[in-house]
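What follows is a set of notes on a single structure, which appears directly below.
The values are calculated or read from the model by the stated rules, or taken from the named source; none is laboratory data. Remember, predicted model here, so these are calculated numbers, not experimental data. Quick reminder, even Gly has a Cβ in these numbers, built from the backbone with ideal geometry, and neighbours come from all protein chains shown.
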């Protein structure tokens, strides 16, 4: 089974592989964080019933890209957009390898301002319903009455 944290760990692995000199923060951005860096956060996770044994997941994750800034809290916009494009490009294949699974990347969107850029991702996948360890007792007596009409 794949949970939303597994997706974040897989994204972290991709970012560290492409940008080994950048810091990556997950779900908590410290006050005095290092630049250049990334901040990965789960925005939402929705699990719905697909059938008796399967659940459907839609997981939204945001990656914020931070590059170096000047004394006025401005950064080079071209570098910022290049970083955003590079991160978005990690998902061009349409899936994310998570453990032994490949999870579909449903959408990739992004944007930027003067000091940051971001890439928002939506993952869409099915997974096995968690099985309860509790077993229901077996039936002990079955009684059947057969009648004939007409």
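Name the residues in region 27-61 that are under 29 Å from residue 114 (Cα atoms) and out of contact with any strand residue (DSSP E or B) (no Cβ under 9 Å at 6 or more places or on another chain), would you? Of everything in region 27-61, those that are under 29 Å from residue 114 (Cα atoms) and out of contact with any strand residue (DSSP E or B) (no Cβ under 9 Å at 6 or more places or on another chain) turn out to be 30, 31, 32.
Quick check on region 62-107: of everything there that is in a loop (DSSP other than H, G, I, E, B) and touching a strand residue (DSSP E or B) at 6+ places or on another chain (Cβ under 6 Å), which residue is surrounded by the most Cβ atoms within 10 Å (Cβ to Cβ)?
91
Quick check, is residue 58 touching a residue at least 40 places away in the same chain (Cβ under 8 Å) and either on the phi > 0 side of the Ramachandran plot or assigned to a loop (DSSP other than H, G, I, E, B) (or both)? Taking the combined requirement at face value, the residue does not satisfy it.
Give the residue that is farthest from the chain's Cα centre (by Cα), with candidates limited to residues of region 1-28 that are part of a loop (DSSP other than H, G, I, E, B) and at pLDDT 95 or above. If you could, list the steps in order and put the result at the bottom.
As a first pass, look at region 1-28 and keep what is part of a loop (DSSP other than H, G, I, E, B): 1-3, 19-22, 27-28.
Still in the list and also at pLDDT 95 or above: 19-22.
On the way: 19: 19, 20: 21, 21: 23, 22: 20 Å.
Of everything passing the filter in region 1-28, 21 is farthest from the chain's Cα centre (by Cα).
Where residues in region 29-48 are under 16 Å from the mean Cα position of the chain (by Cα) and within 25 Å of residue 81 (Cβ to Cβ), which of them is surrounded by the most Cβ atoms within 10 Å (Cβ to Cβ)? Among those residues, the one meeting the criterion is 38.
Within region 116-139, count every residue that is modelled with pLDDT of 85 or more and either more than 47 Å from the chain's Cα centre (by Cα) or assigned to a loop (DSSP other than H, G, I, E, B) (or both). Lay out the reasoning, then the answer.
Pass one, region 116-139, residues modelled with pLDDT of 85 or more: 116-129.
Filter once more, keeping what is either more than 47 Å from the chain's Cα centre (by Cα) or assigned to a loop (DSSP other than H, G, I, E, B) (or both): 129.
The qualifying residues number 1.
Taking into account only those residues within region 108-147 that are without any contact (Cβ under 8 Å) to a residue 60 or more places away in the chain and surrounded by 14 or more Cβ atoms within 10 Å (Cβ to Cβ), which is nearest to residue 58 (Cα to Cα)? Across region 108-147, the extreme among qualifying residues is 108.
Might you let me know whether region 77-98 holds any residue that is within 16 Å of the chain's Cα centre (by Cα), at pLDDT below 95 and within 21 Å of residue 24 (Cα to Cα)? Scanning region 77-98, I find no residue that is within 16 Å of the chain's Cα centre (by Cα), at pLDDT below 95 and within 21 Å of residue 24 (Cα to Cα), so the answer is no.
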